[in-house]
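Worksheet: one structure, shown below.
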Amino acid sequence: MNTAKLEMMVGTFMIIGILCLGYVSIKLGKMELVGGDYYTVSAGFDSVSGLKPGARVEVAGVEVGKVDRITLDAKSGDRALTYLKIKTGVKITDDVIASVRTSGIIGDKFIKLKPGGSDRMLKNNDTIRETESAIDIEELVSKFIHGKV
């Protein structure tokens, strides 16, 4: 009887430990088990070179969301379509300008949102119309070397 009680306590302790480890792993990995408090907007770019899913989305230097996924636009076939998950409390105007930026000289790519002056806000599944693509350094250097600047 004493060993059964001890084994039960050890088993309970192990289950609690495994649950705590799983919780900490999810929080540190910034994973979401459920949808979270986000709404999704899309934006089309000519080039998103170097941008990856999970990259941050910023307004005025403050992280307000992340890039959910990047696909090729089925309608045009030559534009990249990005889906951005924006935190629910953040209101984005419909005349916002989305641009692909680099943090630092050779840092990670992210999306910078520059709000406009409109009164209408974007809702779930809306599209950002004004975008600025990433600057391709290799293309600029190539133009400079070959005298096409």
- Item | the chain - charge dipole about Cα centre, Lys and Arg +1 at Cβ, Asp and Glu -1, debye rounded to 20 | 240 debye
- Note on the structure: Long-range amide H partners of residue 108, meaning residues 5 or more apart or on another chain whose placed amide H is closer than 5 Å, are 103
- GNM of the chain, Cα pairs under 10 angstrom: of 97, 106, 26, the biggest fluctuation goes to 26
- Taking H as built 1.01 Å from N, whose amide H comes closer than 5 Å to the amide H of residue 134, not counting residues under 5 places away? 47, 49, 100
- Per the rule of 0.36 nm per residue minus the C-alpha distance, extending residue 20 to residue 102 adds in nm 25.9 nm
- Note on the structure: the chain, Gaussian network, Cα under 10 Å: of 49, 25, 133, the residue fluctuating most is 25
- Message: Positive end of the dipole of the chain, charges at C-beta (+1 Lys, Arg; -1 Asp, Glu), about the Cα centre: which of 10, 147, 128 has its Cα farthest in that direction?
- Response: 10
- Please work out how much length the chain gains when fully extended from residue 120 to residue 88, using 0.36 nm per residue of separation minus the C-alpha to C-alpha distance, in nm with one decimal. 9.9 nm
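Could you list 113, 28, 81 in order of exposure, starting from the residue whose Cβ has the fewest other Cβ atoms within 10 Å? Don't jump to the answer; show the numbers that get you there.
On the way: 113 23, 28 8, 81 18.
The fewest-first ordering by Cβ neighbours comes to 28, 81, 113.
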- Message: Assuming 0.36 nm per residue, please report the length gained on full extension of the stretch residue 141 to residue 12 beyond their Cα-Cα distance.
- Response: 40.1 nm
- Item | Mean projected area in nm² (Cα convex hull; one quarter of hull surface) for the chain | 14.4 nm²
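Sort 38, 23 by Cβ crowding within 10 Å, fewest neighbours at the top.
23, 38
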- Message: If I take every Cα pair under 8 Å that is 6 or more residues apart in the chain, average their sequence separation and divide by the length, what percent do I get for the relative contact order?
- Response: 24 percent
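Read-outs: derived from the displayed coordinates by stated rules, not from any lab. It should be emphasised that the depicted structure is a prediction, and the values quoted were computed from it without experimental measurement. Backbone-built Cβ (ideal geometry, glycine too); neighbour counts: all protein chains shown.
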